[in-house]
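Working notes, beginning with the structure itself.
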Amino acid sequence: MGAWLLRGVKRFPGDPGNRYDLRIDDGVITNWCNAGRGDSNDAQVRDLDDHWILPAFVDSHLHLLYSLEHARQLDLSNLTPESIRSLLTPSDRVGDAATRVVGHGWKDPLGEQLRPDPRRFLDSILPDSAVFLWNSDHHRALVSSVALESAGIEPVGHSGVVTEQDAERVWASLGPPPQPDAAAASRWLLERGITAATTFDRGDSIECLRRENSEGQLGVRLRHGLPECQFLEILESGAGCHPEGGEDSSFAMPWIKIFLDGTLGSRTAWMKSEYDDDPNNFGVVRRTAETLEKTARLAAEHGWALAIHAIGDAAVAEANRWIHFTRELRGSDLPDRIEHFQCFDPADLAAIRQAGSIASMQPCHLFQDRKIIESRWGSRAAHALAMNSIDEAGIPIVMGSDAPIESADPWLDIDAAVRRLDRDGEGNSFYPQQRVSFEKAFGWRTAAAAFANMLPSGWGTLEPGSVADLQIIGADDPSQVRCVADAKLIDVFSLGQWRLGDREDR
Ligand SMILES: [Zn+2]
């Protein structure tokens, strides 16, 4: 890998008045010293006149290969319901593209022509195709008769709206996605200053990323969750099933990923009391205590950590209960995480801190969800993505984008935590007492997220002895950056190499 001397840089976090030379040997930070004093012996030299060096980012929760697949699907997000017909009818669709029509991004309310029976509407346009249209939160879908039939569901009398497990069942029956492109997906991360990511995708993604990143060829440190159903299937087949990799691995898979509930957008997040705008609805409980106990015992026995999807306050409490149970049984301190942690009951925070659960949050969900949180959760909105309260309770936090549900831009996610404004950086701050400092949010995307993502100790600190996963930006002041375009990203160094080439012209 060799040695590098980076000359004349500013260090963030740090003192903006100083200029440093930074020496890297074989991908590890070896020395910071005042500018002009760096040791260039046997090193390649790069003059970085006054640019900032920052630790690179980690995205603690996204769907990596699916993000690229998503970009190839029909995008319904900016359509009026009435224009869905024209999007679905292009005449040039042939072969695979004609038999399997996938889209995403619709939101409530459904357009007139889709009610009350979206299936009939879809059948009227594409009677021979399996049509599958995800809601923007990917927990509900509109499907055609052919799609239902492929999952063995009788279409006659079915509305064509499927939620949660049923949506996943129909989705799975449509067959494998187009060939995943791990190199393109990794490049997409690097172009956002991201050199590590935890992804939650399906089994085919695990095989692909494990193979393609066995030696870190992709330039990013990848972590994966193993879906609970796959874990149980492997054990039932009689095979062993153990976590893969450690903090120094370029690919590791330490978690069993469990879904406890749904989402706010689909009114399926599991709440302790009913939805304000939907009496008697408490959301959806996707696992019984019995099945959870079985999975938790097996996970502990085989040395796995847990990553549990929990959005509603009841789901967050229940996720913590099973994390506590698993940690006691397993006896080792692994990064057990509650994914999303969108709404909590303040009475539960002490138990969550004691159990050792990590809150894996996506403040960028505020951009979309702020429009519906108060109507659905009423006064509980005060505890929605309430990062300051969670931090003050002593619960570790890490941040991610949940891409493709939200933008993968890490600066947007940080800005959402710091200002809690709308997507354009305007409007009122949503429960402003829950804003956190830029330094805090930046840490939850860098050094403070290392353990939760099973990254090498010291990752994200840029201290001597730690791995040199870093980014160089041309912006004047990192703490004023709102999006990756503002950052003026010049280059990224990870796993011992420059990744973007010279982008100073950008
Ligand atoms: Zn997700």
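Do we find a residue being polar (S, T, N, Q), crowded, with 24+ Cβ neighbours inside 10 Å and more than 16 Å from the ligand (Cβ to nearest atom) anywhere in region 317-335?
Yes, the conditions are met somewhere in region 317-335.
Do we find that residue 182 is crowded, with 17+ Cβ neighbours inside 10 Å and in contact with a His (Cβ under 9 Å, 6 or more places away or on another chain) in this structure?
No: the conditions fail for residue 182.
Given the residues 338, 311, which is the only one that is assigned by TED's automatic domain parsing to the domain that holds residue 269, within 16 Å of the ligand (Cβ to nearest atom) and under 16 Å from residue 226 (Cα atoms)?
338
Suppose we keep only residues that are among the small types (Gly, Ala, Ser) and within 30 Å of residue 488 (Cα to Cα) within region 189-239. Which one would you say is surrounded by the most Cβ atoms within 10 Å (Cβ to Cβ)?
The selected residue is 196.
Regarding region 166-175, can at least one residue be identified that is buried (at least 17 other Cβ atoms within 10 Å of the Cβ), over 26 Å from the mean Cα position of the chain (by Cα) and farther than 23 Å from residue 260 by Cα?
No.
Being under 22 Å from residue 449 (Cα atoms) and in a helix (DSSP H, G or I) is the filter here; which residues of region 323-338 pass it?
323, 324, 326, 327 - these are the residues of region 323-338 that are under 22 Å from residue 449 (Cα atoms) and in a helix (DSSP H, G or I).
Every residue in region 424-459 that is surrounded by 13 or more Cβ atoms within 10 Å (Cβ to Cβ), in contact (Cβ under 8 Å) with a residue 60 or more places away in the chain and among the charged types (D, E, K, R), please.
445
Looking at (1) of a type outside the set (S, T, N, Q); (2) within 30 Å of residue 110 (Cα to Cα); (3) modelled with pLDDT of 95 or more, can you tell me which one residue 75 breaks?
(3)
Kindly establish whether residue 54 is in contact with a helix residue (DSSP H, G or I) (Cβ under 7 Å, 6 or more places away or on another chain) and either buried (at least 16 other Cβ atoms within 10 Å of the Cβ) or under 30 Å from residue 137 (Cα atoms) (or both).
So residue 54 fits the description; yes.
Looking at region 381-408 only, could you name the residues that are within 16 Å of the ligand (Cβ to nearest atom), closer than 21 Å to residue 479 by Cα and surrounded by 23 or more Cβ atoms within 10 Å (Cβ to Cβ)?
Scanning region 381-408 gives 398, 399, 400, 401, 408.
Just wondering, is there one or more residues in region 358-380 that are farther than 26 Å from residue 276 by Cβ, more than 16 Å from the ligand (Cβ to nearest atom) and assigned by TED's automatic domain parsing to the domain that holds residue 283?
Within region 358-380, none of the residues are farther than 26 Å from residue 276 by Cβ, more than 16 Å from the ligand (Cβ to nearest atom) and assigned by TED's automatic domain parsing to the domain that holds residue 283.
Mind checking which pairs have a first residue in region 51-76 that is closer than 17 Å to residue 226 by Cα and a second that is basic (Lys, Arg) and away from the ligand (no atom under 11 Å from the Cβ), Cβ under 9 Å, 6 or more apart or different chains?
From region 51-76, the pairs are 60/223; 60/337; 60/445; 61/337; 65/202; 66/202.
Whether any residue in region 344-356 is within 16 Å of the ligand (Cβ to nearest atom), surrounded by 14 or more Cβ atoms within 10 Å (Cβ to Cβ) and under 23 Å from residue 200 (Cβ atoms) is what I want to check.
no
The values are calculated or read from the model by the stated rules, or taken from the named source; none is laboratory data. Note that the structure is a prediction, hence the values are computed from the model and not measured. Using ideal geometry, Cβ is built from the backbone for each residue, glycine included, and neighbour counts are taken over all protein chains shown.
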